[in-house]
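Taking it in order: structure first as structure tokens, then the write-up.
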């Protein structure tokens with residue numbers, strides 16, 4: 001989540017400057033890595049910015065109660081973070097969709113691979129609900145719905 005990672009890193013550096021601590025290059029790299037990992041772990045948790053902020057502050061040796069410097073504006077920053085996250089995820093989905101466009105076409109079965117199989121569709125079998133083909137892989141299961 002790009003917005004959360006950016007927020008955590010910038011907020012931790014801001015807080016350290018507010019208390020008069022100049023971060024070394026190693027600490028800035030540590031902030032960046034910790035913020036990135038924390039944002040990945042907290043992707044689906046609402047209002048997780050405070051918890052991840054505390055993790056980043058502890059990683060660089062600052063007291064965890066310093067998050068209170070950001071807390072009054074965190075409500076508004078959370079809206080901006082969410083917007084950046086949604087925008088970044090939609091760009092990622094568009095890029096993956098464009099790169100995989102020729103492999104993901106579903107239609108009337110006119111898109112076939114070298115062996116003549118439809119790329120993503122169920123194939124004809126005595127019971128079509130129990131056999132599925134994805135590319136060159138064929139799966140048959142009597143427990144499939």
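Residues to consider are 141, 85, 65; find the one that is within 30 Å of residue 17 (Cβ to Cβ) and at pLDDT below 85. Criteria check complete, one pass: 85. The C-beta contact set for the range 75-90 (first residue within 11 Å of residue 7 (Cβ to Cβ), second residue not in a helix (DSSP H, G or I), distance under 9 angstrom, 6+ apart or interchain) comprises 77/70; 78/46; 78/47; 81/1; 84/1; 85/1; 85/43. If you go through the range 49-69 and keep only what is closer than 10 Å to residue 8 by Cβ and in contact (Cβ under 8 Å) with a residue 40 or more places away in the chain, you end up with 49, 52, 53, 56, 57.
Could you please find all residues in the range 88-121 being under 30 Å from residue 52 (Cβ atoms) and either modelled with pLDDT under 80 or surrounded by 11 or more Cβ atoms within 10 Å (Cβ to Cβ) (or both)?
Kept after step one, since they are under 30 Å from residue 52 (Cβ atoms), are these residues of the range 88-121: 88-97.
Across the range 88-121, the qualifying residues are 88, 89, 91, 92, 96.
The values are calculated or read from the model by the stated rules, or taken from the named source; none is laboratory data. In this text, all values refer to a predicted model and were calculated from it rather than measured experimentally. Note that we place each Cβ from the backbone using ideal geometry, even for glycine, and neighbour counts take in every protein chain shown.
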